[in-house]
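Accompanying notes for the structure given below.
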2 protein chains.
Amino acid sequence: MATPTTAADPQSVGLRERKKRRTRDALVDAAHRLFLCHGYGRTTVDEIASEVEVSQRTFFRYFANKEEVALAVLAEAEAAFLEFLRARPAEENPLEAMRGAVREVWQAVDRGQGGGPDSGPAALELFELIESTPTLLAAHLRHSIQQEVEVARILADREGLDPAVDLRPRLLAAVFGTVVRLSHLSYAADPDAHRHSMDGMLALIERHFDQLGPALAGSWR
Amino acid sequence: MATPTTAADPQSVGLRERKKRRTRDALVDAAHRLFLCHGYGRTTVDEIASEVEVSQRTFFRYFANKEEVALAVLAEAEAAFLEFLRARPAEENPLEAMRGAVREVWQAVDRGQGGGPDSGPAALELFELIESTPTLLAAHLRHSIQQEVEVARILADREGLDPAVDLRPRLLAAVFGTVVRLSHLSYAADPDAHRHSMDGMLALIERHFDQLGPALAGSWR
DNA sequence: TTGTCGAATGTCAGCGGCTGACATAATGTT
DNA sequence: AACATTATGTCAGCCGCTGACATTCGACAA
């Protein structure tokens, strides 16, 4: 950001930074392979590290704990979401802005900018791994609410509100996060029903949002 | 439940069961004291165990992990909520039923049935401990999600719906959980503003629910 | 009371996540 | 080429957690 050269220029960034990036990516990659193959609990940090020919100590210099390496790609997607949300035009209302931002994230993933060419299917497998691993699920949920806090701040900024006084930004961020999560769950539960990849995911989110009103209404019959 | 004698009768339950109950309660009690005094991370399981004069191994026979002993009282409250919700009259709509159930939980806590006489202030301290301890927060959120699943099942049963098809129960359960959590946060952030104890908590939840509609509406200005 | 059975507890050894401290090697800079 | 900086390796050690086995304690009947 601070450097005038573009991020894609290999000369702009020193060998040191490139190397760090490489080993980090290699660690994430090896971890995913091992987690999906043998399960999260049965995979040792030593195994991940030695797969990349790196000491265990080095692993913990890149990731604070074992969960973080599993959730790394998700964290990048969440950061991208925040960027997109900040960049949405000011005339959109909060809900429109969030829908637009989440659409941009999935489009970026489809373009293969999210770590590897087949990030779509990989994302699905990752969701299943997280949902079926209590430790990962817990860590993921904790990150999600942190994400909600920052989303709420962005929304409050856009609308010129004080988030400490007005609870609506926080509330809407939380509800939005819930809807997205439930969509991921439905999607992972039956991927074949929405094979059109990310189109299906967006459509699901829309449908869930449409049900929000009826769900809050008095009676369901 | 299965025995005809009342649960309060000390003779109905053997010495064995009573002893187990005692050590379990003692462990929870000691753990809370130490956590609140020295912090969660700086408290060792060995310390908790030796405080009750019990081996570390025994501790792990009562609680699957260190988090569980911290969240034990919360787990009881959540179980009570499910019971109350199941017992709500059938003519109430989902939202009314949940509001009624949460009210009953707080009333029970006020009556001191939730582990000790001053469960109210203790509950507040516990919330703060959880929110300020990443590990505990993660575990708590995971439990909350599980709670939402069971709440959704109860709601679907009440309304005669199939939760696998109709997403509204799950959605409403999640939104409700979010509202309750945000209420706890607001409450813990400034307890003096709602000193009327549990009255204040219920009023907070009501206010948050009232803001749900406006938060979902298009524009906030 | 005594004897027997099952359940609860203690002890021990060990794995795996994680950290601090220090030495070494690699990289960037002058 | 010499130096400063930074990444990495090595080692020791704490703590959470588990399996296996021995021991003790409460329940129940003879």
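Could you state the angle between the C-alpha long axis of helix A:134-159 and the longest principal axis of the C-alpha atoms of chain A, as a value from 0 to 90 degrees rounded to the nearest 10? Taking the Cα atoms of chain A, the angle to A:134-159 is about 50 degrees. Where q = 0.17, 0.19, 0.26 Å⁻¹, what log10 of I(q)/I(0) comes from the Debye formula for the stretch A:13-63, counting one point per Cα? Rounded to two decimals, the profile gives -0.48, -0.59, -0.96. Each label was represented as a point 7 Å from its Cα along the Cα-to-Cβ direction; for A:E125 and B:E125 these points are 4.9 nm apart. Compared with the dominant principal axis of the Cα atoms in chain B, helix B:119-131 is inclined by about 80°. Using R0 = 45 Å, the C-beta based FRET efficiency linking A:T44 and A:A164 works out to 0.50. With one equal scatterer per alpha carbon and no solvent term, the Debye-computed log10 I(q)/I(0) for the stretch B:156-195 at 0.18, 0.21, 0.22, 0.24 1/Å reads -0.58, -0.66, -0.68, -0.74. If the elastic network links every pair of Cα atoms under 10 Å, which of B:E206, B:E125, B:E91 fluctuates the most in the Gaussian network model of chain B? For chain B, modelled as a Gaussian network with Cα springs under 10 Å, the answer is B:E91.
Distances between equivalent label points of A:P89 across the copies, with each point positioned 7 Å along Cα→Cβ, amount to 5.2 nm, shortest listed first.
State, as an integer percentage, the relative contact order of chain A based on alpha-carbon contacts under 8 Å between residues 6 or more apart. Computed over chain A, the figure is 13 percent.
Extents of chain B, taken as max minus min of Cα coordinates on every principal axis and listed largest first, are 59, 45, 35 Å. Counting Cβ atoms of other protein chains within 10 Å of each Cβ in B:134-143 and taking the mean gives 5. Placing a label point 7 Å from Cα along the Cα-to-Cβ axis, A:E76 is separated from the same position in the other copies by 4.7 nm, shortest listed first. By a straight-distance test (C-alpha under 28 Å), which lysines pair with B:K66 as possible cross-link partners, with residues fewer than eight away in the same chain excluded? Correct list for B:K66: A:K66, B:K19, B:K20.
FRET efficiency for A:E17 and B:F60, Cβ-Cβ distance as r, R0 = 41 Å, nearest 0.05?
Working: r = 44 Å, r/R0 = 1.08.
FRET efficiency, A:E17 to B:F60: 0.40.
Distances from A:D190 to itself in the other copies, using label points 7 Å out along the Cα-Cβ axis, amount to 4.7 nm in increasing order. Note on B:151-162: average number of Cβ atoms from other chains within 10 Å of each residue's Cβ is 1.
Would you please state which residues of the stretch A:153-184 a label at A:A193 would reach in this model, taking the label point 7 Å out along Cα→Cβ and a backbone N cut-off of under 20 Å? Within reach of a label on A:A193: A:178-184.
Result for chain B in a Gaussian network model with C-alpha springs under 10 Å: among B:V165, B:V151, B:V109, the largest mean-square fluctuation is at B:V165.
Which values, in whole Å and largest first, are the semi-axes of the equivalent ellipsoid of the stretch B:26-117 obtained as the square root of 5 times each eigenvalue of the Cα gyration tensor? Please report the intermediate quantities before stating the final value.
Values: eigenvalues 229, 32, 23 Å².
Square roots of five times the eigenvalues give 34, 13, 11 Å.
For the protein assembly as shown, rounded, prolate or oblate, judged on the Cα gyration tensor with a ≥ b ≥ c (square roots of eigenvalues), a/c < 1.5 rounded, else prolate if a/b > b/c?
Working: a/c = 1.79, a/b = 1.26, b/c = 1.41.
Verdict is oblate for the protein assembly as shown.
Throughout, read-outs are computed from the coordinates displayed, never taken from laboratory work. Bear in mind that the values here come from a model prediction, so they are computed numbers and not experimental data. Counting neighbours? That spans all protein chains shown, and the Cβs are built from the backbone with ideal geometry, glycine included.
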